[in-house]
Amino acid sequence: GADFELPGFVDATVLNLRSDATTDSEKLGQATAGVQVTVLNEKRNGNDIWYRVAITLDGKEKIGYMLSTYITLYTNKGFYAKTLNDGLTLRKSAMKTAAAVEDNAGKVISLKAKRDLWVYKEINDTNLDKWFQVRITIDGVKYYGYVNAKDTYLVGYRDKKNTSTATPTPTTKPSPTA
């Protein structure tokens with residue numbers, strides 16, 4: 001099953017589709033740069049994050065794993081992710097050495113595990129390190145910054161909270177008057 005369906009594309013000259021999240025697993029096919037994928041889930045193997053994807057290869061729909069480093073997610077709609085561990089620092093740019101984002105009181109923003117992040121841009125640096133540009137809200141104030149994708153896990157799209165509307169009750173039909 002799919003936990004989410006996030007659109008993306010292959011961002012490598014050639015990328016293997018594997019039966020499991022390891023380079024030792026069976027190769028199910030190869031995709032070239034620009035081929036569309038739908039990311040269904042993610043799986044960690046050591047330091048690597050693999051995306052479970054649905055992809056059409058040679059006219060056939062296949063599901064398998066591709067290394068996330070070489071998949072770029074479409075972020076035009078944005079999507080949710082969550083922090084993996086406590087103590088994640090929001091950065092001012094997409095670098096581990098970048099200055100930390102501070103709140104309005106001048107305190108470094110350190111995020112707890114499982115904290116919602118709104119991802120609206122993906123950046124891959126020259127070391128093939130994936131970063132997400134994110135927005136968080138703390139006490140009603142929005143803050144913007146960068147987190148390394150390895151410090152997050154994807155959640156996908158989510159229905160907006162508290163937008164449910166009551167089901168309308170049908171009114172009784174008026175009786176014809178004689």
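The values are calculated or read from the model by the stated rules, or taken from the named source; none is laboratory data. Because the structure is a prediction, the values reported are computed rather than measured. Here the Cβ positions follow ideal geometry from the backbone for every residue, glycine too, while neighbour counts run over all protein chains shown.
General remarks:
- Restricting the search to strands (runs of 3 or more DSSP E) fully inside the range 1-53 and requiring at least 3 residues that are under 15 Å from residue 64 (Cβ atoms) and in contact with a Leu (Cβ under 6 Å, 6 or more places away or on another chain) gives 27-32.
- Pairing each residue of the range 14-41 that is of a type in the set (Asp, Glu) and modelled with pLDDT under 95 with any residue that is surrounded by 14 or more Cβ atoms within 10 Å (Cβ to Cβ) and in a loop (DSSP other than H, G, I, E, B), provided the two are 6+ apart or on different chains, yields no C-beta distance under 9 Å.
- For residue 15, the conditions (1) in contact with a Gly (Cβ under 6 Å, 6 or more places away or on another chain); (2) crowded, with 17+ Cβ neighbours inside 10 Å; (3) of a type in the set (A, V, I, L, M, F, W, C) all hold with the exception of (1).
- Index of the failed condition, residue 77 passing every other in (1) surrounded by 14 or more Cβ atoms within 10 Å (Cβ to Cβ); (2) in contact with a Phe, Trp or Tyr (Cβ under 8 Å, 6 or more places away or on another chain): (1)
- Considering the conditions (1) at pLDDT 95 or above; (2) within 24 Å of residue 135 (Cα to Cα), residue 77 is excluded by exactly one of them, (1).
- Of the candidates 59, 106, 64, 34, the single residue that is of a type outside the set (Lys, Arg), over 19 Å from residue 150 (Cβ atoms) and surrounded by 15 or more Cβ atoms within 10 Å (Cβ to Cβ) is 64.
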